[in-house]
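First the structure, in the form of structure tokens, and then the observations on it.
The values are calculated or read from the model by the stated rules, or taken from the named source; none is laboratory data. Source: prediction; values computed, not measured. Reconstructed Cβ throughout: ideal geometry from the backbone, glycine too, with neighbour counts over all protein chains shown.
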Amino acid sequence: MDYQGMVIRPPSEAFSIILQVTLGCSHNACTFCGTYREKPFAVKSWTQIQKDIAFASQHCKRQHTLFLADGDVLALPHEEMVRLLEHIRQQLPWVRRVSSYASSRNIAAKTDAELSQYRALGLQRLYLGLESGHDPTLRAIAKGVDSASMVEASQRVQRADMALSVSCILGVAGVADSQAHALATAQVLNRMQPQYIGVLTLMLLENTPLFRRYQQGRFQLPNQVELLQELRTLVEHLNVPRALFSANHPSNYLTLNGRLPKDKEDMLQRIDQAMAGTLALRDERQRAL
């Protein structure tokens, strides 16, 4: 398989075939993200994509899920998305589910009929980075869209019968807006009603604008207790009818997993125990992106 530069995928895609279709991110302006700073957005050649699918057809027969990398495959024109998904289905018939990251901008650029066609061709799950439901925070991190746009995108994805996984980031609002960020994020997730909710914790990367703001004293990173308080507010105010909640990313100090609403009280108890110091947290040296 041909992999160029850093390739990332959601934790739940650890055992998937990773097919790199695009390089980087077409937005690539979020102040906290350093993943693609040195990798301009581009679409890989169809010849190379075909070679990688051919490799997977010979060497990945035990893997039944496939993840489309990098961060922005839905930026492909509709005809190219259809050609890609049809080729995967033809060459890898044992693959049960294709997944991809998606941005609300790229979802908005697709018609309902196009999204439904992708679903029919095997694209069953999209991962959307909400980061925050707090619009001032979204502006501060240069997300490029507001929370209403992401709610609309999520609703269109689910009308196309795709599963939706939404991620948010503890600490991304800094200390001043920590609680406002947590509450607004819960409220937006309640409107989105995704099937999966993933929580990460901000780690400042040296190649990002947010790190430079931190160095200049213009951004204050919440401490462990403040991050746990943020997590508690988020979980406490979630009201989704059915979702898998995961804070199992290695960036988090506290690992938390459960089904909502069934396990909500148990998760709140674990957070309270962590805040009281009776539940061990991940050591700083063990944290990673």
Notebook entry, point to check: Quick one: how many residues across segment 44-69 are surrounded by fewer than 13 Cβ atoms within 10 Å (Cβ to Cβ) and β-branched (Val, Ile, Thr)?
Noted result: 1
Item checked: Pair list, Cβ < 6 Å and 6+ apart or interchain, from segment 75-94 residues that are under 16 Å from residue 47 (Cα atoms) and at pLDDT 95 or above to residues that are among the small types (Gly, Ala, Ser) and assigned to a helix (DSSP H, G or I) -> 91/57
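Of all the residues that make up segment 189-211, how many are of a type in the set (S, T, N, Q), surrounded by fewer than 22 Cβ atoms within 10 Å (Cβ to Cβ) and on the phi < 0 side of the Ramachandran plot? Break it down into steps so the answer makes sense when it comes.
Of the residues in segment 189-211, the ones of a type in the set (S, T, N, Q) are 190, 193, 195, 201, 207-208.
Then keep just the ones that are surrounded by fewer than 22 Cβ atoms within 10 Å (Cβ to Cβ); that gives 190, 193, 195, 207-208.
Pick out the ones that are also on the phi < 0 side of the Ramachandran plot and you get 190, 195, 207-208.
Qualifying residue count for the region: 4.
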Note to self: I'd like to know if segment 258-268 contains one or more residues that are of a type outside the set (Asp, Glu), closer than 22 Å to residue 33 by Cα, in contact with a strand residue (DSSP E or B) (Cβ under 8 Å, 6 or more places away or on another chain) and surrounded by 13 or more Cβ atoms within 10 Å (Cβ to Cβ).
What the structure shows: no
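Of everything in segment 70-82, what is part of a helix (DSSP H, G or I) and either touching a strand residue (DSSP E or B) at 6+ places or on another chain (Cβ under 6 Å) or surrounded by 14 or more Cβ atoms within 10 Å (Cβ to Cβ) (or both)? Give them in sequence order. Talk me through it step by step, then tell me what you get.
Step one: filter segment 70-82 for residues part of a helix (DSSP H, G or I), giving 73-75, 78-82.
73, 74, 75, 78, 80, 81, 82, listed by residue number.
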Checklist line | Selected residue (only one of 139, 105 is surrounded by fewer than 21 Cβ atoms within 10 Å (Cβ to Cβ), out of contact with any Phe, Trp or Tyr (no Cβ under 9 Å at 6 or more places or on another chain), part of a helix (DSSP H, G or I) and free of Cβ contacts under 8 Å to residues at least 24 places away in the same chain) | finding: 139
Check: Quick check: anything in segment 276-288 free of Cβ contacts under 8 Å to residues at least 24 places away in the same chain, closer than 27 Å to residue 140 by Cβ and out of contact with any helix residue (DSSP H, G or I) (no Cβ under 6 Å at 6 or more places or on another chain)?
Finding: yes
Next item on the list: Evaluate the following for residue 157: is it in contact (Cβ under 8 Å) with a residue 40 or more places away in the chain, assigned to a loop (DSSP other than H, G, I, E, B), under 26 Å from residue 112 (Cβ atoms) and of a type in the set (Val, Ile, Thr)?
Entry: no
